[in-house]
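See structure below.
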Amino acid sequence: MLAFRHRGSVILTGVVVFSVVAAIGARPDAPPQSVADRPWIGYSGTLDSSRYVPGSQITRENVGRLEVAWTYPYADTISTPVVAHGLVYGRGRNGALVALDARTGAEVWVRENMQGMTSRGINYWESADGSDRRLLFAMQDYLQAIDARTGALIKSFGQDGAVDLREGLGRDASQIGRIQSGTPGQVFENLLILGSATGEAYMSPPGHIRAYDVVTGREVWQFHTIPHPGEFGYETWPPEAYRYVGGANAWGELTVDPARGIVFVPTGSPTYDYYGADRHGANLFGTSLVALDARTGKRLWHFQLVHHDLWDFDTSSAPQLTTIRHGGTTRDVVALAGKTGFLYVFDRETGEPIWPIEERPVPVSGMPGEKSWPTQPFPTDPPPFSRQTFSEDDITPYANITPEERAAFRARVRGARNLGMFTPIDFVDTVHLPGSNGGALFGTTAAEPDRGIVYVIGQDNPGILRLLRPGEGRGGPAASPGQQVYQRDCQVCHGPARVGTENGPSLVDVTTRLDEAAIRATMTGGRGRMPAFPHLTDEDMAAVIAYLAIPAAGAGRGRAAGPAPVFPPGPAVGTGGARARTGAAGPGRGAVIRYPEGVPDTPRYVINEYGTIGVRMKPPYTTITKYDLNIPAIVWQVGLGDDPELAEMGMTGTGMTQMRNGAVVTDTGLYFASGGDNKIRAYDTTSGAVVWTGHYGGTFRGAPILYAIGGRQYLLVPAAGNRLPAGNQRAPHGTPPGPLGYVAFALPQ
């Protein structure tokens with residue numbers, strides 16, 4: 001075990017205890033007490049997004065007795081299910097939407113051919129008398145509703161069963177190539193409050209927040225994250241920016257305080273993420289926490305975490321609501337963990353920072369036309385949960401590379417521009433930390449609402465980035481037409497070398513695994529978590545397919561496709577959604593969209609890669625941090641999961657890389673989380689020690705949930721993938737075979 005001091009708090013890394021910690025006098029073998037039925041509604045279980053479960057049947061004393069109660073072997077890898085009235089609603093059967101018996105996992109109904117649905121989960125709503133129960137989701141940019149009892153489409157919702165999410169944003173809908181978020185929204189009263197995923201290209205659509213009537217599909221309110229003339233924040237942009245700047249969207253989790261009727265919205269950076277010459281100003285409400293009246297969309301308060309964001313420091317983790325003792329009084333607060341590695345804490349009603357947040361000078365950009373913001377906010381408390389500096393001394397000594405490769409990488413880090421985490425990206429190599437995929441991301445926070453306790457899963461994922469001029473390759477000759485399309489539309493998810501990232505699979509050898517027609521159909525219609533790209537022309541698709549056919553450097557490091565499973569027939573109740581996108585729909589995603597008349601053209605520089613450097617920092621790579629905000633201090637910090645290569649060397653608690661997994665907390669002192677290494681662990685919330693480990697056969701990419709029915713509590717894990725995230729390609733060390741799909745653990749009956 002490694003221990004070190006951090007601002008007066010002891011941080012523990014690598015704490016592993018593979019035995020049940022029993023309280024004095026407790027009987028671990030005693031039959032579990034019955035527990036009241038408890039649903040899991042929405043991505044995080046409740047409106048407050050706390051992932052906190054009171055009245056838990058599973059305790060520190062009996063967690064070691066957990067066993068597999070049932071499995072459903074066809075679940076989607078990253079979709080987090082919801083549970084209501086004895087049914088588990090999730091993904092499976094080649095992208096189908098399924099309803100399962102919550103006690104057994106048996107199929108109740110199956111709606112086939114639902115590719116393109118909201119990837120991380122769905123929303124549930126029911127009327128006050130329970131007669132109307134609905135599942136709400138987006139599919140290929142259409143908001144839709146399904147009868148939760150039968151799986152039938154609700155045709156009275158929207159226009160013939162669908163609401164086009166591309167409409168009503170003040171842009172040409174035919175030029176919007178993507179808008180639906182991969183994360184479900186929040187249902188408050190009779191409203192579905194939604195964010196969006198706008199894409200990250202120049203001229204992407206704006207990320208306005210919208211609320212829809214769950215019965216009719218009518219838009220009830222819209223909040224402009226890129227303000228229009230006369231609105232608060234309009235002066236923080238160029239006058240015409242609302243007509244062409246995109247992003248500033250909420251693609252992660254929303255949180256609602258139901259007692260106050262406030263929705264807390266974390267927003268991302270404006271586009272383009274790393275160059276802002278066409279968006280001079282602070283750029284409200286980009287990279288901000290915005291508190292809105294959940295019934296009207298009126299802004300109550302806001303705090304901008306990053307001014308004029310040039311680092312893709314999106315906020316996407318769920319704002320956590322908790323109550324603390326501060327200054328001799330009780331205060332209800334909201335805490336937001338950012339990609340910056342900071343935890344920002346505010347008064348829930350006023351937005352006043354609980355502890356000072358200082359505006360400090362930061363490096364100035366040298367990019368032509370850029371006007372970077374001279375200062376950025378730095379919280380003085382609590383301490384950060386992720387590392388915020390990176391030098392050659394921080395390079396892991398365990399990387400499996402030659403001495404020559406190590407020396408070259410050290411030289412690259414040493415020679416890069418490195419003036420702190422707010423160093424603007426330039427034409428030269430620039431160190432970027434915690435990184436585009438670092439800090440806190442969606443699904444990574446939880447809280448104990450009444451005790452001032454917040455948990456954060458944080459990542460240290462440094463990058464070395466530089467900006468490229470249009471058509472410039474990554475240090476070589478000008479990119480081919482196919483490579484240009486790939487860099488613009490594909491690289492963000494599949495990586496610069498095509499070997500995959502946590503956002504998407506490897507495309508190495510894809511042209512040998514799929515024929516051209518299948519690849520074209522996937523690009524134009526989308527599949528699974530991949531959005532549709534209907535704006536691509538025949539020439540674009542031919543060019544990118546030709547580029548994908550070129551053998552990639554490092555081929556073989558990507559995730560293997562594996563044999564296609566054959567699923568047995570089931571009780572299908574229908575197929576497809578209410579509407580699907582077909583045919584070309586304009587240029588979209590900024591490919592050929594021009595600035596409005598009177599707005600000068602700006603060079604469209606792009607980054608050379610998406611926050612990956614190939615060699616890691618010293619472990620731990622991913623951590624769980626427990627904060628006590630009554631102090632405020634870090635109580636403990638442990639590595640999440642075991643890197644397989646380091647596990648073979650006898651090291652534990654090192655954390656896996658690129659984790660975006662959720663967690664669940666109980667009032668009985670347990671914190672459940674998966675480390676991405678085919679194991680789910682229960683941590684003692686007092687010490688951070690592991691008190692139970694469960695095994696499964698797939699890659700865990702969703703979030704665990706806890707629900708109860710019939711007096712029994714179930715820990716449900718979405719574990720359907722058969723591969724580790726990109727960069728963790730080796731088989732987990734010492735992991736026995738385990739079940740795939742949705743895996744439900746429970747105490748013996």
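Bear in mind that the values in this text are calculations on the coordinates, not laboratory data. Computed from a prediction, not measured in an experiment: that's the story for all the values here. Cβ: placed from backbone, ideal geometry, glycine included. Neighbour counts: every protein chain shown.
Cβ-Cβ distance of residue 594 and residue 630, R₀ of 35 Å, FRET efficiency by 1/(1 + (r/R0)^6): the value works out to about 0.05. A simple spin-label model places the labels of residue 649 and residue 106 5.1 nm from each other, with each point 7 Å out along Cα-to-Cβ. Fully extending the segment from residue 358 to residue 159, taken as 0.36 nm per residue of separation minus the present Cα-Cα distance, adds 66.7 nm. Within the straight-line cut-off of under 17 Å between alpha carbons, the aspartates and glutamates reachable from residue 626 are 381, 448, 450, 460, 667, 684, sequence neighbours fewer than 8 places apart in one chain being disregarded.
Order these by the 10 Å Cβ neighbour count, fewest first: 664, 362.
So the ranking, lowest neighbour count to highest, is 362, 664.
The packing ranking of peptides 39-46, 198-205, 222-229, highest mean first, is 198-205, 39-46, 222-229, where packing means the average number of other beta carbon atoms within 10 angstrom of each residue. For every other residue with a beta carbon closer than 14 angstrom to the beta carbon of residue 313, add +1 if it is Lys or Arg and -1 if Asp or Glu, then tell me the sum. Taking every other residue near residue 313 into account, the sum is -4.
Modelled spin-label separation between residue 127 and residue 259, with each label point placed 7 Å from Cα along the Cα-to-Cβ direction: 3.1 nm. Peptides 438-444, 538-544, 84-90 ordered by packing proxy, namely the average of other Cβ atoms within 10 Å per residue, highest first: 438-444, 84-90, 538-544. Extending 7 Å from the Cα toward the beta-carbon at both residue 693 and residue 414 defines two label points whose distance is 3.9 nm.
Of 412, 93, the sequence from fewest to most neighbouring Cβ atoms within 10 angstrom is 412, 93. Between residue 394 and residue 537, full extension at 0.36 nm per residue minus the direct alpha carbon distance yields a gain of 47.0 nm.
Scanning residues 5 or more positions from residue 247 or on other chains, those with amide H under 5 Å from its amide H are 207, 271, with H placed 1.01 Å from N in the peptide plane. Residue separation of residue 428 and residue 152 scaled by 0.36 nm, minus their Cα-Cα distance, works out to 93.9 nm of gained length.
Taking a straight Cα-Cα cut-off under 17 Å and skipping sequence neighbours fewer than 8 places away in the same chain, no lysines fall within cross-link reach of residue 298. In a simple Cβ point-charge model (Lys, Arg +1; Asp, Glu -1; nothing else charged), region 92-160 has a dipole of about 160 debye relative to its Cα centre.
Shown is the FRET efficiency for residue 325 and residue 301, computed with R0 = 22 Å from the Cβ-Cβ distance and rounded to the nearest 0.05: 0.45. Here residue 155 is the anchor, and the aspartates and glutamates within straight C-alpha reach of less than 12 Å, apart from those fewer than 8 places off in the same chain, are 147. For region 323-351 versus region 412-466, the inter-centroid distance based on Cα atoms is 21 Å. The order of the peptides 108-119, 325-336, 380-391 by mean Cβ neighbours within 10 Å, most packed first, is 108-119, 380-391, 325-336.
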